[in-house]
Amino acid sequence: MLRKFVVLFVLAFACVGFAEDGLRIAHVDSKLIFDGYKGTKKAQEEYDRQVAKWEQQGNLLQKELAAIKEKLDKQMLMLSDEKKRELEAEYNKKDTELKSFIDRVYGRKGELISENEKVSAPIIQLIRKAISETALQEGYDMVVDRATGAVVFWKKENDLTNKVLDYLNNR
(Lines give C-alpha, C1' and ligand atoms only; values in the text may rest on other atoms or scores of the structure.)
Protein backbone atom coordinates (compact mmCIF):
# COMPACT_ATOMS: atom_id res chain seq x y z
CA MET A 1 0.00 0.00 0.00
CA LEU A 2 2.83 2.38 0.89
CA ARG A 3 4.54 1.56 -2.41
CA LYS A 4 1.41 2.54 -4.36
CA PHE A 5 1.16 5.77 -2.38
CA VAL A 6 4.80 6.61 -3.12
CA VAL A 7 4.32 5.83 -6.82
CA LEU A 8 1.20 8.00 -6.98
CA PHE A 9 2.95 10.80 -5.08
CA VAL A 10 5.91 10.68 -7.46
CA LEU A 11 3.56 10.65 -10.42
CA ALA A 12 1.66 13.65 -9.10
CA PHE A 13 4.92 15.49 -8.46
CA ALA A 14 6.19 14.57 -11.93
CA CYS A 15 2.95 15.73 -13.53
CA VAL A 16 3.17 19.11 -11.80
CA GLY A 17 6.86 19.47 -12.65
CA PHE A 18 6.41 18.64 -16.29
CA ALA A 19 2.97 20.14 -16.89
CA GLU A 20 4.41 23.09 -18.76
CA ASP A 21 6.51 20.77 -20.92
CA GLY A 22 3.45 18.81 -22.05
CA LEU A 23 4.25 15.55 -20.29
CA ARG A 24 2.31 12.75 -21.92
CA ILE A 25 1.30 9.87 -19.66
CA ALA A 26 -0.38 6.70 -20.85
CA HIS A 27 -1.60 3.64 -19.00
CA VAL A 28 -1.80 -0.07 -19.71
CA ASP A 29 -3.23 -3.09 -17.93
CA SER A 30 -0.41 -5.62 -17.91
CA LYS A 31 -2.72 -8.40 -16.72
CA LEU A 32 -4.98 -7.95 -19.74
CA ILE A 33 -1.94 -7.82 -22.02
CA PHE A 34 -0.44 -10.93 -20.42
CA ASP A 35 -3.76 -12.83 -20.63
CA GLY A 36 -4.50 -11.67 -24.18
CA TYR A 37 -1.09 -12.43 -25.66
CA LYS A 38 -1.10 -15.61 -27.78
CA GLY A 39 2.33 -16.63 -26.52
CA THR A 40 0.96 -16.77 -22.98
CA LYS A 41 -1.45 -19.54 -23.90
CA LYS A 42 1.36 -21.71 -25.26
CA ALA A 43 3.47 -21.08 -22.16
CA GLN A 44 0.47 -21.85 -19.92
CA GLU A 45 -0.02 -25.20 -21.69
CA GLU A 46 3.66 -26.05 -21.16
CA TYR A 47 3.40 -25.09 -17.50
CA ASP A 48 0.17 -27.07 -17.05
CA ARG A 49 1.81 -30.20 -18.53
CA GLN A 50 4.63 -29.96 -15.99
CA VAL A 51 2.20 -29.38 -13.12
CA ALA A 52 0.19 -32.46 -14.22
CA LYS A 53 3.40 -34.55 -14.08
CA TRP A 54 4.07 -33.36 -10.54
CA GLU A 55 0.48 -34.11 -9.54
CA GLN A 56 0.84 -37.66 -10.92
CA GLN A 57 4.05 -38.14 -8.97
CA GLY A 58 2.43 -36.83 -5.79
CA ASN A 59 -0.65 -39.02 -6.26
CA LEU A 60 1.54 -42.09 -6.79
CA LEU A 61 3.48 -41.39 -3.60
CA GLN A 62 0.22 -40.89 -1.68
CA LYS A 63 -1.17 -44.19 -3.00
CA GLU A 64 2.01 -46.02 -2.04
CA LEU A 65 1.87 -44.49 1.44
CA ALA A 66 -1.82 -45.42 1.81
CA ALA A 67 -1.13 -48.99 0.69
CA ILE A 68 1.60 -49.41 3.32
CA LYS A 69 -0.69 -47.91 5.98
CA GLU A 70 -3.54 -50.20 5.01
CA LYS A 71 -1.27 -53.25 5.08
CA LEU A 72 0.04 -52.21 8.47
CA ASP A 73 -3.47 -51.63 9.87
CA LYS A 74 -4.93 -54.90 8.53
CA GLN A 75 -2.03 -57.15 9.49
CA MET A 76 -0.95 -55.45 12.72
CA LEU A 77 -2.17 -58.25 14.99
CA MET A 78 -0.70 -61.03 12.86
CA LEU A 79 2.75 -59.55 12.29
CA SER A 80 5.81 -60.27 14.34
CA ASP A 81 7.42 -57.35 16.13
CA GLU A 82 10.26 -57.35 13.61
CA LYS A 83 7.89 -57.30 10.62
CA LYS A 84 5.88 -54.48 12.25
CA ARG A 85 9.05 -52.43 12.69
CA GLU A 86 9.97 -53.07 9.04
CA LEU A 87 6.56 -51.92 7.81
CA GLU A 88 6.58 -48.91 10.14
CA ALA A 89 10.06 -47.99 8.90
CA GLU A 90 8.88 -48.38 5.30
CA TYR A 91 5.85 -46.21 6.08
CA ASN A 92 8.00 -43.53 7.74
CA LYS A 93 10.43 -43.58 4.81
CA LYS A 94 7.60 -43.18 2.28
CA ASP A 95 5.99 -40.46 4.40
CA THR A 96 9.29 -38.58 4.52
CA GLU A 97 9.67 -39.04 0.77
CA LEU A 98 6.19 -37.60 0.17
CA LYS A 99 6.81 -34.61 2.46
CA SER A 100 10.16 -33.99 0.79
CA PHE A 101 8.51 -34.15 -2.65
CA ILE A 102 5.79 -31.71 -1.59
CA ASP A 103 8.36 -29.28 -0.19
CA ARG A 104 10.66 -29.62 -3.22
CA VAL A 105 7.86 -29.00 -5.72
CA TYR A 106 5.28 -26.89 -3.90
CA GLY A 107 7.40 -25.23 -1.19
CA ARG A 108 8.29 -21.54 -0.94
CA LYS A 109 11.31 -21.99 -3.21
CA GLY A 110 9.89 -25.01 -4.99
CA GLU A 111 10.06 -26.15 -8.56
CA LEU A 112 6.50 -24.94 -9.18
CA ILE A 113 7.54 -21.33 -8.56
CA SER A 114 10.76 -21.77 -10.55
CA GLU A 115 8.86 -23.27 -13.48
CA ASN A 116 6.34 -20.44 -13.40
CA GLU A 117 9.14 -17.86 -13.46
CA LYS A 118 10.98 -19.74 -16.22
CA VAL A 119 7.88 -19.82 -18.40
CA SER A 120 6.58 -16.31 -17.69
CA ALA A 121 9.85 -14.30 -17.54
CA PRO A 122 10.43 -14.19 -21.33
CA ILE A 123 6.81 -13.12 -21.87
CA ILE A 124 7.08 -10.38 -19.26
CA GLN A 125 10.31 -9.10 -20.87
CA LEU A 126 8.62 -9.13 -24.29
CA ILE A 127 5.62 -7.21 -22.93
CA ARG A 128 7.89 -4.60 -21.30
CA LYS A 129 9.78 -4.18 -24.57
CA ALA A 130 6.50 -3.82 -26.49
CA ILE A 131 5.26 -1.20 -24.00
CA SER A 132 8.52 0.78 -24.29
CA GLU A 133 8.57 0.68 -28.09
CA THR A 134 4.89 1.59 -28.36
CA ALA A 135 5.30 4.46 -25.88
CA LEU A 136 8.27 5.85 -27.82
CA GLN A 137 6.44 5.53 -31.15
CA GLU A 138 3.35 7.24 -29.75
CA GLY A 139 5.39 10.00 -28.07
CA TYR A 140 4.58 9.19 -24.44
CA ASP A 141 6.90 10.21 -21.63
CA MET A 142 5.60 7.75 -19.06
CA VAL A 143 3.39 4.65 -18.94
CA VAL A 144 1.66 3.51 -15.76
CA ASP A 145 0.41 -0.05 -15.26
CA ARG A 146 -3.18 -0.11 -13.96
CA ALA A 147 -2.78 -3.71 -12.78
CA THR A 148 0.12 -2.97 -10.42
CA GLY A 149 0.20 0.80 -10.04
CA ALA A 150 3.84 0.81 -11.15
CA VAL A 151 5.52 2.98 -13.73
CA VAL A 152 6.59 0.60 -16.51
CA PHE A 153 8.14 3.12 -18.90
CA TRP A 154 9.64 6.58 -18.55
CA LYS A 155 11.84 8.79 -20.66
CA LYS A 156 15.22 9.23 -19.03
CA GLU A 157 15.20 12.98 -19.62
CA ASN A 158 12.13 13.24 -17.35
CA ASP A 159 13.91 11.54 -14.44
CA LEU A 160 14.36 13.92 -11.49
CA THR A 161 16.20 11.43 -9.25
CA ASN A 162 19.66 13.00 -9.54
CA LYS A 163 18.30 16.55 -9.27
CA VAL A 164 16.42 15.67 -6.09
CA LEU A 165 19.52 13.94 -4.66
CA ASP A 166 21.65 16.99 -5.51
CA TYR A 167 19.11 19.28 -3.88
CA LEU A 168 19.03 17.17 -0.71
CA ASN A 169 22.79 16.67 -0.52
CA ASN A 170 23.56 20.37 -1.11
CA ARG A 171 21.31 21.66 1.70
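The values are calculated or read from the model by the stated rules, or taken from the named source; none is laboratory data. Computed from a prediction, not measured in an experiment: that's the story for all the values here. FYI the Cβ positions are ideal-geometry reconstructions off the backbone, even for glycines, and counts take in every protein chain you see. Only protein heavy atoms, including side chains, enter the accessible area calculation; ligands, DNA and RNA are left aside. Shrake-Rupley method; radii C 1.70, N 1.55, O 1.52, S 1.80 Å.
Remark: relative contact order (region 95-161) = 16 percent; criterion is Cα-Cα distance under 8 angstrom and separation of 6 or more residues. The angle between the Cα long axis of helix 111-138 and the longest principal axis of the Cα atoms of the chain comes to about 20 degrees, rounded to the nearest 10. For the chain, the fraction of alpha-carbon pairs lying more than 23 Å apart is 64 percent, rounded to a whole number.
Counting protein heavy atoms only, the chain has 56 percent of its accessible area on carbon and sulfur, 1.4 angstrom probe.
For Met142, the accessible area of its heavy atoms, probed at 1.4 Å with every protein chain present, is near 20 square angstrom. For the chain, the per residue solvent-accessible surface stands at 76 Å², with DNA, RNA and ligands left out and a 1.4 Å probe. Checking the Cα-Cα distances for Lys63/Lys99; Lys31/Lys118; Lys69/Lys93; Lys94/Lys118; Lys53/Lys94 against a 22 Å cut-off, the pairs over it are Lys94/Lys118. Subtracting the Cα-Cα distance of Lys163 and Gln75 from 0.36 nm times their residue separation leaves 23.8 nm of extension gain.
From Cα pairs below 8 angstrom and at least 6 apart in sequence, can you work out the relative contact order of the chain, rounded to a whole percent?
36 percent
Note on the chain: with charges restricted to the Cβ of Lys and Arg (+1) and Asp and Glu (-1), its dipole about the Cα centre is near 140 debye. Quick check: net charge around Ile123, other residues with Cβ under 14 Å of its Cβ, Lys/Arg +1 and Asp/Glu -1? Value of the local net charge: +2.
Over region 71-171, the pair-distance histogram of Cα-Cα distances with 5 Å bins from zero comes to 2, 9, 10, 10, 8, 8, 8, 7, 6, 5, 4, 5, 4, 4, 4, 3, 1, 0 percent, rounded to whole numbers.
Accessible area per residue (1.4 Å probe, heavy atoms of protein chains only) ranks Lys63, Lys109 as Lys109, Lys63, with the largest value leading.
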